[in-house]
Amino acid sequence: QFHTIKYEDLKWDESLGQGSFTRIFKGEKTDYRDGEKHTTEVLLKELDPDHKNCWESFFEAASFMSQISHKHLLHVYGVSVHGDKNIMVQEFVKHGALDLYLKREKSLSVSWKLNVAKQLACVLNFLEEQSIIHGNICAKNLLLVREEDPSQGISPFIKLSDPGINVAMLGKDVIMHRIPWIAPESLAAPDNLTHECDKWSFGATVWEIFNNGNPPLQGWSLEEVKLKFYENKQQLPPSQWTELADLIGQCMSYDLAFRPSCRSIIRQLNSLVTSGNNVIFRLAQDDH
Ligand SMILES: N#Cc1ccc(Nc2nc(N)cc(-n3cnc(CCO)c3)n2)cc1
């Protein structure tokens, strides 16, 4: 299960926006350990009161995060319930959600993007080894702990956030918003997610990372057109970098059997690093 935190030990600071059915705030939690008072900066994720019927799924997500620990998994301190308020208390991640960061930072290098994709592949591999399915992999659920600092040789560091409300609890319309991150087979059966679903979402998330945070199918109207994307077994616009486009295409294949194992994903990402450098080297050679 998870640790329960006393409401009076929490302090709300500024609002930081919202997820689906949730609102997030910066905050502080106070602990009394060995007679001393400690305050920790936290992220307070509140379930909208008008969606309190989703509280089980909300707390399921919290206990999901509390049961396992990994360097690339967000730490959840616990939950707090006060009246009709359900609150998940998370570690505060300095640079927030990656989708906004990608939109803001327009000149991220290929090696930055590959490094982040590899970190996501590592935590995906860990979850698969623990036979745990996340179910909501996307750039919005990746959090940037540390920015890169090339002058100091410091690379970016990300953590995967909680999956939020289980997709099976969401209405049809909200599920539409998860196209194309949600695997096509999950649209038909949202209550039996598989590891292959997470691989499909991984493909869509890598696509986001390499497209400067432009959401896929941007501008497409919701229902009919997005559904057509699956009915016509369409793919996202392929990257010019064929090896990258191949990896994304494998992850987002409509036939589950064709989706690569996490080991293969990591291997292909590693070879992209080298082929990426060769491409740059080749281009540099052409210049001279
Ligand atoms: N300006 C700014 C700024 C905003 C937020 C953070 N930090 C933080 N820490 C977390 N644990 C979770 C999130 N978070 C962000 N969006 C979601 C909803 C989708 O998951 C969750 N943000 C840091 C700086």
Sorted by chain and number, the residues with a modelled amide H under 5 Å from that of residue 164, at a separation of 5 or more or across chains, are none
Report in % the part of the accessible area of the stretch 84-152 that belongs to carbon and sulfur, leaving out ligands and nucleic acids; probe 1.4 Å.
-> 48
Between residue 92 and residues 5 or more places away or on another chain, which pairs have amide H atoms under 5 Å apart, with H built 1.01 Å from N, and which residues are they?
-> 43
Rounded, prolate or oblate: which fits the stretch 184-262, taking a ≥ b ≥ c as square roots of the Cα gyration tensor eigenvalues, rounded meaning a/c under 1.5, else prolate when a/b beats b/c?
-> oblate
Return the single residue from 249, 276, 35 with maximal mean-square fluctuation; model: Gaussian network over the chain, springs between Cα atoms under 10 Å.
-> 35
Taking a ≥ b ≥ c as the square roots of the eigenvalues of the Cα gyration tensor, with a/c under 1.5 meaning rounded and otherwise prolate when a/b exceeds b/c and oblate if not, the stretch 64-105 is oblate
Given pairs 71/199; 11/85; 52/103; 6/71; 11/37 and cut-off 22 Å on Cα-Cα distance, the over-length ones are 52/103; 6/71
Please report, in Å, the Rg and the Dmax of the stretch 123-225, where both are computed over Cα atoms only.
-> 15.0, 49
Could you tell me what percent of the DSSP beta bridges with both partners in the chain are antiparallel, to the nearest 5?
-> 95
Karplus-derived 3J(HN,Hα) from phi for the stretch 19-34 (6.51 cos²θ - 1.76 cosθ + 1.60, θ = phi - 60°), whole Hz, x at Gly and Pro, runs x, 8, 6, 9, 10, 10, 9, 6, x, 9, 10, 10, 10, 10, 10, 5
What whole-number value in Å² describes the accessible area per residue of the chain for a 1.4 Å probe?
-> 49
Scan around residue 146 for amide H atoms under 5 Å from its own, H built in the peptide plane at 1.01 Å from N, and keep only partners 5 or more places away or cross-chain.
-> 157
Given the Cα-Cα distance of residue 278 and residue 39 and 0.36 nm per residue of separation, how much length would full extension add, in nm?
-> 81.2 nm
Apply 1/(1 + (r/R0)^6) to the Cβ-Cβ distance of residue 212 and residue 8, taking R0 = 45 Å, and write down the FRET efficiency to the nearest 0.05.
-> 0.55
Cβ-Cβ FRET estimate between residue 256 and residue 107, R0 fixed at 35 Å, reported to 0.05 = 0.45
Mean projected area in nm² (Cα convex hull; one quarter of hull surface) for the chain | 17.4
Run the numbers on the chain and let me know its relative contact order in percent, using alpha-carbon pairs under 8 Å that are six or more apart.
-> 15
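The values are calculated or read from the model by the stated rules, or taken from the named source; none is laboratory data. It should be emphasised that the depicted structure is a prediction, and the values quoted were computed from it without experimental measurement. No Cβ is skipped: glycine too gets one built from the backbone with ideal geometry, and neighbour counts run over all protein chains shown. For accessibility, only protein heavy atoms count, side chains too; no ligands or nucleic acids. Shrake-Rupley method; radii C 1.70, N 1.55, O 1.52, S 1.80 Å.
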